[in-house]
Structures are given as C-alpha cells and as structure tokens.
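As structure tokens, the structure follows; a few thoughts come after it.
The values are calculated or read from the model by the stated rules, or taken from the named source; none is laboratory data. Note that the structure is a prediction, hence the values are computed from the model and not measured. Here the Cβ positions follow ideal geometry from the backbone for every residue, glycine too, while neighbour counts run over all protein chains shown. We work out accessible area using only protein heavy atoms, side chains counted, and drop any ligands, DNA or RNA first. Shrake-Rupley method; radii C 1.70, N 1.55, O 1.52, S 1.80 Å.
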Amino acid sequence: MAERELGVVREELRWQPEECGVENVAHPKGPGNALVLEIETDHVTEVFTGFGERGRPAEEVAQEAIEAARGWLEADVPVDEHLADQLLMPMTLAGGGSFRTTRPSLHSTTNAAVIQRFLPVPIRFEQESDLVWRVTVGER
C-alpha cells in the first residue's frame, strides 16, 4: 500500500526515491495508514495528509494529499487552509493581524463566526486573486 502511494507521489510531484520513505508503526491504533507529505520552504514547513482505509485505493489516498499540496504551492501563500482556522483565536487574543492563505474552508469561516459570537472582533476573509485570500483579524 505505502509503496503504491509513494509511487504516485514520485510520479506526480517528481520527488526522488531518497526523498520518500516508509515508516512502520509497531502497534498501530487504527485499521488504515497515513500518507504524510512534508514540504519545507525558506519560511515555513507545511504538512499534507491522505488517510487510507479499508477499500480505498492507495492511488486515491495519494492524490488527495498531492492535490492539497499542489493547491498550496500554486497559491504561494504562507498558510494552508487547515492552519488558517487554527490561527484565528491566537490572533484574536493577541490583538489582531492578517495572513494570506488559500480559499478558506468551512471550518475556518465557522470558527470565525463562533469567535465573533463571544468576542467583539471583526474577522474578514477577502479574496485577492483566484487562488489567494487574505484573512484579517481586528481593525487592520
């Protein structure tokens, strides 16, 4: 399973065999596997995942992670959609700020709405281009 997933990663992302590896967990807690793609840039390291489960093809697991990674790489932003929702509360408590990200997920917009129910802080999601969004917390 892992070798098939890594085969797709190597083909689609042009990663070299030495950039890929399989780690076996001695006492796994679940029935599936996880494909983890770690992309390190000058300023940030992002992690993208695909989760296997019984009956799900390895190629589909790999494609899910690859598509998420490609979307982030193409947007050329520092924050991916999953980190975006996690930054909202710390930024609110710190007094505000902004960052660039990919299209906000439903989780991000819901998180913003919940925060705003408890705290009087504006949180805005503004589209800057086809792939890039700016999230602003506070009055900035």
Calculated diffusion of segment 13-82, Stokes-Einstein form, Kirkwood radius summed over Cα pairs, 10 °C and 1.306 mPa s, µm²/s: 118 µm²/s
Multiply the residue separation of residue 139 and residue 12 by 0.36 nm, subtract the distance between their alpha-carbon atoms, and state the gained length in nm to one decimal. 41.5 nm
Quick one: order 45, 101 from most to least accessible surface, probe 1.4 Å. 45, 101
Rounded to two decimals, the Debye log10 I(q)/I(0) of the chain (Cα scatterers, no solvent) at q = 0.08 Å⁻¹ is -0.28
What nm value, rounded to one decimal, do you get for the distance between residue 100 and residue 60 when each label is placed 7 Å out toward the C-beta? 3.5 nm
Averaged per residue, the 1.4 Å probe accessible area of the chain, protein heavy atoms only, in Å², is roughly 65 Å²
How far is the Cα center of segment 122-140 from the Cα center of segment 66-108, in Å? 10 Å
Compactness of segment 47-120 - radius of gyration and Dmax, Cα, Å: 15.2, 47
Using only Cα atoms, find the angle between the long axis of helix 2-13 and the longest principal axis of the chain, and express it within 0 to 90 degrees, rounded to the nearest 10. 60 degrees
What figure, in Å² to the nearest 10, do you get for the accessible area of residue 1 with a 1.4 Å probe and non-protein molecules left out? 110 Å²
Trypsin sites (Lys or Arg not before Pro) restricted to segment 20-93 and DSSP loop, no more than 13 other C-beta within 10 Å: 29, 54
In whole percent, what relative contact order does the chain give with Cα contacts below 8 Å and a gap of six or more residues? 18 percent
Name the residue from 121, 132, 79 whose Cα lies farthest towards the positive end of the charge dipole of the chain, charges +1 on Cβ of Lys and Arg and -1 on Cβ of Asp and Glu. 121
Helix-only [θ] at 222 nm, the chain, -39500 (n - 2.57) per DSSP H run of 4+, per residue, nearest 500, equals -13000 deg cm²/dmol
Computed over the chain: longest principal axis from alpha-carbon atoms vs helix 81-94 long axis, angle to nearest 10 degrees, is 30 degrees
Quick one: angle between helix 58-75 and the longest Cα principal axis of the chain, in degrees between 0 and 90, rounded to 10, please. 40 degrees
At a 1.4 Å probe radius, carbon and sulfur cover how many percent of the accessible area of the chain? 51 percent
Can you list the GluC sites (Glu not before Pro) in segment 1-93 that are in a DSSP coil and have 13 or fewer other beta carbons within 10 angstrom? 23, 53
How about segment 1-84: which chymotrypsin sites (Phe, Trp or Tyr not before Pro) there lie in a loop by DSSP and see at most 15 other Cβ atoms within 10 Å? 15
